[in-house]
Every structure is written in C-alpha cells, then in structure tokens.
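Input: a single structure, listed below in structure tokens.
The values are calculated or read from the model by the stated rules, or taken from the named source; none is laboratory data. Quick caveat, the model's predicted, so the values are computed rather than measured. We place every Cβ from the backbone using ideal geometry, glycine too, and count neighbours over all the protein chains shown. All accessible areas refer to the heavy atoms of the entire protein, side chains included, with ligands and DNA or RNA removed. Shrake-Rupley method; radii C 1.70, N 1.55, O 1.52, S 1.80 Å.
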Amino acid sequence: MNVVPLGPINPIFKEPIRIKLIVEGETVLGAEIEMGYVHRGIEKIMEGKHYLKGIYLAERVCGICSYIHTWTFAECIEHISNIEVPDKARYLRVLTTELERIHSHLIAISVYGLSIEHETFGIWCLNTREHVMDLLETITGNRINMGFNVVGGVRQDINKEMIDKIYKKLEELRNDMKNILEIYNTGPLINLRGRGVGVIGYKEIMKTRAVGPVARASALPESDWRLRHPTYKELKFKPVWAKEGDNSARTLVRIKEILASIDLIEKILELYQESTGAVRNRVNIKGGSGEWKNEAHRGEVTYKISLTDGGIIKRIIIRSPSVMNLEAYKYMLKTCPTVSDAVTTYISIDPCISCTERTIVLVDKKTGKTKPYSFK
Amino acid sequence: MIKEFFRKRSINVCIVNTGGCNGCDIELVSLLASRYDIEQYGIYVHNNPREADVLLVSGPVTLPWKNRLKELYEKTPEPKIVVAVGACALSCGIFKEGNVCGPVDKIIPVDATIPGCPPRPSEIIQAILKVAPIALSKREEHLKKIASEN
C-alpha cells in the first residue's frame, strides 16, 4: 500500500485541504482528509458582538455562498424576535439567492469540467457565469460579498429598468444553459467519464447524512429544505432529482437546477411587481434563542443563535453542508478505479472548505459522551 | 536564446489561500473566463509553487499556515514576487481577533498589494501587469548572473 498526498496547494484544488489517498497500484482503497487550514474561529469572534457586526461576519463565512449565510442569519433573528418582513423584501431575497445559486452551480460545473480535462466545457460555463455576476452587481452593487441583507428586510429596492434587464439576461441565460445541457448529454467525452464512478446509494446517504445535490442525485428529493420554506411554498417549488448517484448524475442535477432556478426567478419577478410597500421594517430585538434552516447551494445550512435583549450575540452555532458531503466521499471511493477518478469525485461533490472549517464535535446520544471529529 | 525570449512572455501564477473566505479565490478563478482572458497577457494560472514567478496570497495567515507559507516561499524559484490580494491579506481584516497570526507581510516579504473585499478582476489583472515588468527584469539579471558564473 502506498500513500499519494494531494494538497494543500494543488493544481486542481482552489482551496487548501490535504487529502492522502491510500492506493494499491492504481486502485484507490481509502482516504484521509486533513483539515484546519482555513479555521479562523468566526463563531468565537461573533460572541459578545452586536448583531449588526454579526451579519457582516456571517457574510465572510464563505465567499461562494455569502448571501445565503446572511439570509439565514437574518431570518434566524427575525424568527427569535417575531419581526415581520415586508413582501417586497422576501421576494428580493429569494431573487438574489437563486441568482447566487446559479453562479455557485456554474462554478462547480466548470471546475468539474476542468478536472476531467475538458477545458472547453469548463470555460464555457465560466463565461455564462459572468452574465449572472453582472445581474448580481446591478441588483446589489457588489459582485461577491454583497452586504444586501439586513435584519428586517433588504437595503435597497430595484427599479423598472433593472427588471427589464433581468428578463432580457435570463432569456439569454436559458438559451446558454439549454446549449450546455445538450452538450453535456450528447458529448461522449463529458458524460461517459462520470458514469458509474463515485456511486453512492440510498443506504449510505442515510448513514452519512449527505445533503444537497449529492443526496438529490441519489433519489432523495425531500432533502431539499426549500420545500419547507414559507416563501418557496408560495411558488409551488418542485425539486430536481436523479437516481443514479454517480458523478455524471450529480453534475446533471446541478445543470437542471439552474434551469429550475431561472423559472423560479421569473415567477418571483411577477409576484414582486404585484406587491407594494417598503423593503425594510423597523426592528425591535427581543432576547431568546432559536434555530433556522435554509437550503444553501450545497445542502442545508443551520444557524443556532442565542441573543440578549439589546441584540448582543451570546452564542452562535453554524452548521454547513460540506462536512456531511465529505463524509460521503469515503463511500464514493469504493467505485473509483483510478487516482484521477478519485480527484474528479472529490470535485463533483463541490466541497466548500471555508464553510466546512468549523469546530466539529460528535455527541453519542446513548451515553452523552462527546469527542472531536476526525476524518479517517 | 529562443528559450530566454519566450520565457520573458510567460508568467506563471500560483494562488495560495491562507485562510480567506474564498471570495478573492473566486475572483481569481473568474480571470480565466474569456471576458478577462488572463492568458492573452501571457499569464498562466498553474497553482504549482515550484514553477511559479508570482505568488498570489489571499486571506489572513491562520496558525497552521505559518510555517507552511515560509516553506512554500522557499520552494519557489528565485526571481519571485509576492502579491497580497484582498483586505484580509493586507491587515487581517475582520478576522484580527480570530485564530490568525497576522497579515502576510509579517511572515514573508510582500512586493505588491491589492486592496478590496474582494478586489474586482480588472484590478487584479492591472496589478499583475504592473508587477510583471519587475519580475521580468529580475529574471534577466538572474539569467545574466548564471551565465557569467558559468
């Protein structure tokens, strides 16, 4: 048995993580993951700070899914202190989240394309993504860390010109995505490369608690937390899913989710144009503690916050989806014939290391014992 | 001669995320898209420190990175330039109280800085292109030195 170390700086990884693949010849037998390079202690920094500073820090948990973190943080505090959010703000939040989901999924597909050495496919997805970034910039004023959400609403309204621009760009985006879907389905070098590689079934998903597109590609559509969100219920949202559970199914689910997100944005724009009023309410923070879950781009994200009456954060716990997906990676390795397949499988679960680097503690429910988590 | 001539026009870049929030890295990746097309200037993103000329460091230096970053800087071949990207790399930003040991210039010498949270892709290209002539002149001196020694 030999060990092939990858990372923390590697041509394929964009984020620092160290993977030790245990191989025999070309066959991969197992893996060890060494984390901790991006642990900054955000939860500890937030303790004892005002919630207005907290939302700023929550945005910097992760750069790819920065908006969903502020949304969940704001909704958690609104849930604790019973703050009503105006209709316009609710719709604008969903609009921005879905746009961010498109950009996050596109970058995941493009990195997958680059990792299977099909550079044309990867660069096409990156080009399509730039149009989404333009839309995000017109709506919020920033490309990555938007600072658009506040507790009680959003910062600013959009106008008629912006709505026309969004409709026009969405039509172009839909054509581009249909083109990409056709290429993905018919191009033999792209789709066949991921068939039967990195397969994970229903049983292992339930064992590892994998979430997001990884679970949805293994016939688990009810893992989508958008089904339980009040605003998405108005839109009659239906999740996208597949049943194969391999690399190509996971990427296919992402491409189809982008098309579903475009439909959702068009629906939400109709609802937005019917609604009137302000985009932000005056808030009155009451103390207490609560929990809120949302569907981030990689799975469910959970915020547990306890607050004082003035709005000082006593304790905050953030649970992000990539931890469970990395645990599922252990089972996927059994159907990886070569080392390069192991790397593409790692990319296909779209791990976000900045989200993952929390202090993770496992609690045994029977005995109540706790121990720190390690991936082996 | 031919090798010398062409190596002037190829700058290899290595992205090092020392604990940032990914925002700067995403902007660096979007440089590959045809809108910005970083390769038309002869800049290649290889992510391999052993063949890099420019190290793009983003993020505050977290405790596990302290020794690793020094090792990485030593591994990079000699005419090298370090660019600190983003507010965290310049001053630790909002993570000052966290699990970090300071900005990048405390650990390794920094030649250029790009402020912003995150900086726009056009600003990053501009900065690399401003720094590149220095890297090239350094390399020429280095090559002459080697030639005179032999």
**Study point:** GNM top mover of A:Tyr91, A:Tyr232, A:Tyr67 - chain A, alpha-carbon springs below 10 Å
**Key:** A:Tyr232
Exercise for review: Give the whole-number value, in cubic angstrom per residue, of the convex hull volume spanned by the C-alpha atoms of the protein assembly as shown.
Suggested key: 161 Å³
Review point. Which aspartates and glutamates have a Cα less than 12 Å from the Cα of A:Lys207, not counting those fewer than 8 places away in the same chain?
Key: A:Glu327
Practice item. Would you mind getting me the FRET efficiency between A:Leu235 and A:Ile317? Use the beta-carbon distance for r and R0 = 25 Å, nearest 0.05. Key: 0.25
**Study point:** Percent of beta bridges antiparallel (DSSP, the protein assembly as shown, rounded to nearest 5)
**Key:** 70 percent
Study note, to complete from the structure: Among A:Ile55, A:Ile265, A:Ile360, the residue with the largest mean-square fluctuation in a Gaussian network model of chain A built from Cα contacts under 10 Å is A:Ile360
Exercise for review: Would you calculate, for chain A, the mean residue ellipticity at 222 nm contributed by helices, counting each DSSP H stretch of 4 or more residues as -39,500 (n - 2.57) and dividing by all residues, to the nearest 500?
Suggested key: -15000 deg cm²/dmol
Review point. In whole Hz, what ³J(HN,Hα) sequence does segment A:170-184 give by Karplus (6.51, -1.76, 1.60; θ = phi - 60°), x for Gly and Pro?
Key: 5, 4, 4, 5, 5, 4, 4, 5, 5, 4, 5, 5, 5, 4, 5
Revision key, fill the gap. Taking the chain alone as reference and the full protein assembly as comparison, with a 1.4 Å probe on protein heavy atoms only, the residues of segment B:95-143 that lose at least 30 Å² of accessible area are B:Phe95, B:Glu97, B:Asn99, B:Cys117, B:Pro118, B:Arg120
Review point. In Å², nearest 100, what accessible area do chains B and A bury in total when the solvent probe is 1.4 Å?
Key: 3200 Å²
**Study point:** Calculated log₁₀ intensity ratio I(q)/I(0) where the Debye formula runs over C-alpha points of segment B:2-139, q = 0.12, 0.16, 0.21 Å⁻¹
**Key:** -0.43, -0.77, -1.29
Study note, to complete from the structure: At the level of C-alpha centres, the distance separating segment A:314-376 and segment A:239-265, in angstrom, is 22 Å
Study note, to complete from the structure: The pairs in A:Lys286/A:Lys366; A:Lys14/A:Lys334; A:Lys44/A:Lys88; A:Lys14/B:Lys66; A:Lys334/A:Lys365; B:Lys70/B:Lys145 lying past 27 Å Cα-Cα in this model are A:Lys286/A:Lys366; A:Lys44/A:Lys88; A:Lys334/A:Lys365
Study note, to complete from the structure: Taking alpha-carbon centroids only, segment A:90-150 lies from segment A:180-212 a number of Å equal to 21 Å
**Study point:** Environment charge at A:Ser261 (Cβ cut-off 9 Å; Lys +1, Arg +1, Asp -1, Glu -1)
**Key:** -2
Check your understanding: So for segment A:162-242, taking the charge dipole from beta-carbon charges (+1 Lys/Arg, -1 Asp/Glu), which of A:Ile163, A:Val211, A:Tyr232 sits furthest toward the positive end?
Key -> A:Val211
Revision key, fill the gap. Answer in debye to the nearest 20: the dipole magnitude of segment A:225-376 about its Cα centre, from +1 Lys/Arg and -1 Asp/Glu charges placed on Cβ, is 780 debye
Revision key, fill the gap. Per the helix-only model, chain B has a calculated mean residue ellipticity at 222 nm (DSSP H runs of ≥4, -39500 (n - 2.57) each, divided over all residues, rounded to the nearest 500) of -12500 deg cm²/dmol
**Study point:** Carbon and sulfur %, accessible surface of segment B:2-139 computed with the full protein complex present, 1.4 Å
**Key:** 52 percent
Exercise for review: With a 10 Å radius around each residue's Cβ, average the other Cβ atoms per peptide and rank A:248-256, A:167-175, A:29-37, highest first.
Suggested key: A:248-256, A:29-37, A:167-175
Study note, to complete from the structure: In segment A:140-160, the residues losing 40 Å² or more of accessible area (1.4 Å probe, heavy atoms of protein chains only) relative to their chain alone are A:Arg143, A:Ile144, A:Asn145
Review point. In whole Hz, what ³J(HN,Hα) sequence does segment A:46-59 give by Karplus (6.51, -1.76, 1.60; θ = phi - 60°), x for Gly and Pro?
Key: 5, 4, x, 9, 5, 5, 5, 6, x, 5, 5, 6, 5, 5
Review point. Looking only at B:Pro119, B:Pro60, B:Pro133, which one moves most when chain B is put into a Gaussian network model with springs between Cα atoms under 10 Å?
Key: B:Pro133
**Study point:** Average accessible surface area per residue within the protein assembly as shown, 1.4 Å rolling probe, Å²
**Key:** 43 Å²
Practice item. Using a 1.4 angstrom probe on heavy atoms only, work out the carbon and sulfur share of the accessible area of chain A in %. Key: 52 percent
Point to revise | R0 of 22 Å, Cβ-Cβ distance A:Ser306-A:Lys44: FRET efficiency to nearest 0.05 | key: 0.90
**Study point:** Vicinal HN-Hα couplings computed from phi for segment A:258-273 (Karplus, 6.51 cos²θ - 1.76 cosθ + 1.60; Hz; Gly/Pro x)
**Key:** 5, 5, 5, 5, 5, 4, 4, 5, 5, 5, 5, 5, 4, 4, 5, 5
Point to revise | Local net charge near A:Asn127, Cβ-Cβ under 13 Å (Lys/Arg +1, Asp/Glu -1) | key: -4
Review point. How much length is gained on full extension from A:Glu117 to A:Lys160, taking 0.36 nm per residue of separation minus their Cα-Cα distance?
Key: 11.2 nm
Review point. About its Cα centre, how strong a charge dipole does the protein assembly as shown have in debye, to the nearest 20, once Lys and Arg get +1 and Asp and Glu get -1 at the Cβ?
Key: 1280 debye
Study note, to complete from the structure: Per-residue average of other protein chain Cβ atoms inside 10 Å, peptide A:115-124 -> 1
Exercise for review: Kindly tabulate the residues in segment A:37-84 with an accessible-area decrease of at least 40 Å² between the chain alone and the assembly of all protein chains, using a probe of 1.4 Å.
Suggested key: A:Tyr37, A:His39, A:Arg40, A:Ile45, A:Arg60
